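J.: First the structure, then my questions, so here it is.
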Amino acid sequence: LFGNNHPIHIEIGMGKGQFLLTLAKKYPTINYIGIERYSSVLLRALEKLDSEEYEGLTNIRFICMDAADIADVFAPGEVSRIYLNFSDPWPKARHARRRLTSLDFFARYDKILTSDGTVEFKTDNRGLFDFSLEQLEECPSFATQKYTFDLHHEPDMNEGNILTEYEEKFSSLGNPICKLIAVRRA
C-alpha cells in the first residue's frame, strides 16, 4: 500500500485525525493508518489531510471499519505500534468486551503486532484506565511497561507527547490524562 517497508503504526478510533496527521508530518519514515468506525468523523480527517498544512503527506491512510475486524485486515506481525486515544469507555459492565483495552482486543492486537510491538493508551476516564490496568495484569501476551495517572505532570512520559483533540479539551478543563504503554510479555 505504501510502496516501502517502513514500520506501520495504527490508531484505532482516530476521530478527526489531528493526532495521526501530526505524527505523519513529524515522522515521514513511519507509515500511519487511522481506523475510524464512523464515516462522518472520518470525513473530517480527510478534509484535514486535503488542507495545505498536510499537503504532500504520503505516509498516512485511513480506513473506515470496525476495530473488531483488525486481525482480518492486517497480516500477522505487520503493525509495530497501536495507539488508543480517548476510546469509548463503554461504561456498562455488560459492554466490557467492547472496550479497546479488554482481553478480547489484546488477543486481536497479539495477532497483528510485531514481536516488539507496543500499545499506547491515553484517556481522561479513570474508571476505564483502571479497567485497562486490570486487564493487562490478566493478559497472557501483554504487560504494562509504564503508566501514569497524570501524563502532563510526568516529564518522562510526557516528553514528545502529541495532543489529541479530546486531550486538549479535557486538559483545559483540568482533567488529568492517564497513559499506559503495554509491551509483549517476555
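J.: Taking the criterion of being more than 23 Å from Ile8 (Cβ to Cβ), aliphatic (A, V, I, L, M) and touching a Phe, Trp or Tyr at 6+ places or on another chain (Cβ under 9 Å), would at least one residue in the stretch 132-149 satisfy it?
T.: There is at least one residue in the stretch 132-149 that is more than 23 Å from Ile8 (Cβ to Cβ), aliphatic (A, V, I, L, M) and touching a Phe, Trp or Tyr at 6+ places or on another chain (Cβ under 9 Å).
J.: Looking only at the stretch 19-37, count how many residues are under 20 Å from Lys122 (Cβ atoms) and either in contact with a Pro (Cβ under 8 Å, 6 or more places away or on another chain) or open to solvent by 40 Å² or more (accessible area, probe 1.4 Å) (or both).
T.: Here the count works out to 6.
J.: So which residues in the stretch 43-59 are part of a helix (DSSP H, G or I) and either out of contact with any strand residue (DSSP E or B) (no Cβ under 9 Å at 6 or more places or on another chain) or open to solvent by 80 Å² or more (accessible area, probe 1.4 Å) (or both), if there are any at all?
T.: If the condition is that a residue be part of a helix (DSSP H, G or I) and either out of contact with any strand residue (DSSP E or B) (no Cβ under 9 Å at 6 or more places or on another chain) or open to solvent by 80 Å² or more (accessible area, probe 1.4 Å) (or both), then Leu43, Arg44, Glu47, Lys48, Glu52, Glu53 are the ones that fit.
J.: Inside the stretch 109-147, can you point out the residues that are open to solvent by less than 70 Å² (accessible area, probe 1.4 Å), farther than 13 Å from Cys178 by Cα and charged (D, E, K, R)?
T.: Listed by number, the list holds a single entry, Asp110.
J.: To continue, here is another question. Which condition does Arg81 not pass, out of (1) buried (at least 19 other Cβ atoms within 10 Å of the Cβ); (2) more than 21 Å from Asn31 (Cβ to Cβ), if it passes all the others?
T.: Among (1) buried (at least 19 other Cβ atoms within 10 Å of the Cβ); (2) more than 21 Å from Asn31 (Cβ to Cβ), the lone unmet condition for Arg81 is (2).
J.: Quick check on my filter: what residues within the stretch 46-90 are under 18 Å from Leu100 (Cβ atoms) and among the aliphatic types (A, V, I, L, M)?
T.: Result: Ile63, Met65, Ala67, Ala68, Ile70, Ala71, Val73, Val79, Ile82, Leu84.
J.: Could you please tell me which pairs satisfy a Cβ distance under 8 Å, a separation of 6+ or placement on different chains, a first residue in the stretch 63-77 that is part of a helix (DSSP H, G or I), and a second residue that is of a type in the set (Ser, Thr, Tyr)?
T.: From the stretch 63-77, the pairs are Ile70/Tyr109.
J.: Quick one: Ser40 ticks every box in (1) loosely packed, with under 15 Cβ neighbours inside 10 Å; (2) in contact (Cβ under 8 Å) with a residue 60 or more places away in the chain; (3) of a type in the set (S, T, N, Q) bar one, so which box is it?
T.: So the condition that Ser40 fails would be (2).
J.: Further question on the same structure: Filter the stretch 86-102 for residues that are open to solvent by 60 Å² or more (accessible area, probe 1.4 Å) and assigned to a helix (DSSP H, G or I); which is farthest from Thr144 (Cα to Cα)?
T.: Only one residue fits best here, namely Arg94.
J.: Same structure again: Are any residues in the stretch 152-173 open to solvent by less than 50 Å² (accessible area, probe 1.4 Å), free of Cβ contacts under 8 Å to residues at least 60 places away in the same chain and either in contact with a Cys (Cβ under 7 Å, 6 or more places away or on another chain) or of a type in the set (S, T, N, Q) (or both), and if so, which ones?
T.: Scanning the stretch 152-173 gives Asn158, Asn161, Ser171.
The values are calculated or read from the model by the stated rules, or taken from the named source; none is laboratory data. Just so it is clear, the structure is predicted and the values come from calculations on it, not from any experiment. Virtual Cβ from ideal backbone geometry, glycine too; neighbours counted across all protein chains shown. Areas reflect the complete protein model, heavy atoms only, side chains present, ligands, DNA and RNA absent. Shrake-Rupley method; radii C 1.70, N 1.55, O 1.52, S 1.80 Å.
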